[in-house]
Amino acid sequence: MRLVVATRNPHKLEELGEILEGYELVPLPDHVDLPPEDGDSFAANALIKAHAAAAATGWAAIGDDSGIAARALGGRPGVYSARYAGPEATDEQNLSLLIEELTPHSDRHVAYVCVLAHVTADGAELLAEGRCEGELTLEPRGTGGFGYDPAFVPRDTGPEDDRTMAELAPAEKHAISHRGRAARALASALRNRR
């Protein structure tokens, strides 16, 4: 089954492709412009993207929105994770700002959150959410992953394992990542819908 993924981010497309086996995932065509992500939740933003991609292509589409939420910061950066340090900020700038803002806090709990929205060509919606709890380090480590991965130490690897997401092998990361969990939940829901 072909699904258009409402992204041009090769990291997201590759990660979803490794998890959603049996589906032909295609990136958002160049001629399609997505509307602004101005929703007040990850689900709202994922639906905005999925509806726009489905309407523009006539195919079933997946939209995602994901980010990191710091408990000590009241859930920030949340839906602003990709542009936390500004609209043109790099991953490194966003991560640096989050580390700076969390430095004075003893509570370094963070959670990765991902919501995937599946929208059919006729507009039927399906949502799946995944979470990964962890702690934010003061110094980035590792070369794998992207975004906040170099400073995110997941709890799922155990209390003795202080590797960041960027230090995990891809299979280890997919097994516990927020996007991996959301993708598996979505795949299960799609199988049940048939």
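The values are calculated or read from the model by the stated rules, or taken from the named source; none is laboratory data. Quick caveat: nothing in here was measured; it's all calculated off a predicted structure. All Cβ positions, glycine included, derive from the backbone under ideal geometry; neighbour counts span all protein chains shown. Note: accessible area is taken over every heavy atom of the protein model, side chains too, but ligands, DNA and RNA are not part of it. Shrake-Rupley method; radii C 1.70, N 1.55, O 1.52, S 1.80 Å.
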Where the accessible area of region 46-121 is counted over protein heavy atoms with a 1.4 Å probe, how much of it, in %, is carbon and sulfur? 54
Could you grab the relative contact order for the chain? Cα pairs under 8 Å, six or more apart, rounded to a whole percent. 19
Angle in degrees between helix 42-57 and the longest Cα principal axis of the chain, rounded to the nearest 10: 30
Per-residue HN-Hα couplings for region 143-159, Karplus 6.51 cos²θ - 1.76 cosθ + 1.60 at θ = phi - 60°, whole Hz, x for Gly and Pro? 10, x, x, 7, x, 8, 3, x, 10, 9, 9, x, 6, 5, 7, x, x
Need one word for region 78-118: rounded, prolate or oblate. Basis is the Cα gyration tensor (sqrt eigenvalues a ≥ b ≥ c); a/c below 1.5 gives rounded, then a/b vs b/c decides. oblate
The distance between the Cα centres of region 90-145 and region 1-58, in whole Å, is 18
Could you tally the net charge around F42, taking each other residue with its Cβ under 9 Å from the Cβ of F42, Lys/Arg +1 and Asp/Glu -1? -3
Relative contact order, percent, region 1-103 [alpha-carbon distance under 8 Å, six or more residues apart]: 22
Who wins for biggest fluctuation among P35, P140, P150 in a Gaussian network model of the chain, springs between alpha carbons below 10 Å? P35
Return the FRET efficiency for the residue pair A55, A169: r is the Cβ-Cβ distance, R0 is 41 Å, and the value is rounded to the nearest 0.05. 0.60
Residue by residue, what Karplus-based ³J(HN,Hα) values in Hz, rounded to whole numbers, does region 66-74 have, using 6.51, -1.76 and 1.60 with θ = phi - 60° and x for Gly and Pro? 8, x, 10, 10, 9, 4, 5, 9, x
Taking the chain as the reference, fit the longest principal axis to its C-alpha atoms, fit the long axis of helix 91-102 to the helix C-alpha atoms, and give the angle between the two in degrees, 0 to 90, nearest 10. 50
Only sites in a loop by DSSP and with at most 15 other Cβ atoms within 10 Å count here; which GluC sites (Glu not before Pro) in region 1-101 make the cut? E21, E88
If you fit an axis through the alpha-carbon atoms of helix 10-19 and take the longest principal axis of the Cα set of the chain, what angle between them do you get, 0 to 90°, nearest 10? 80
Which of [x] 46, 38, 33; [y] 60, 32, 27; [z] 49, 32, 25 is the computed Cα extents along the principal axes in Å for the structure on display? [z]
Using a 1.4 angstrom probe, figure out how much accessible area the chain has per residue, in square angstrom, rounded to the nearest whole. 48
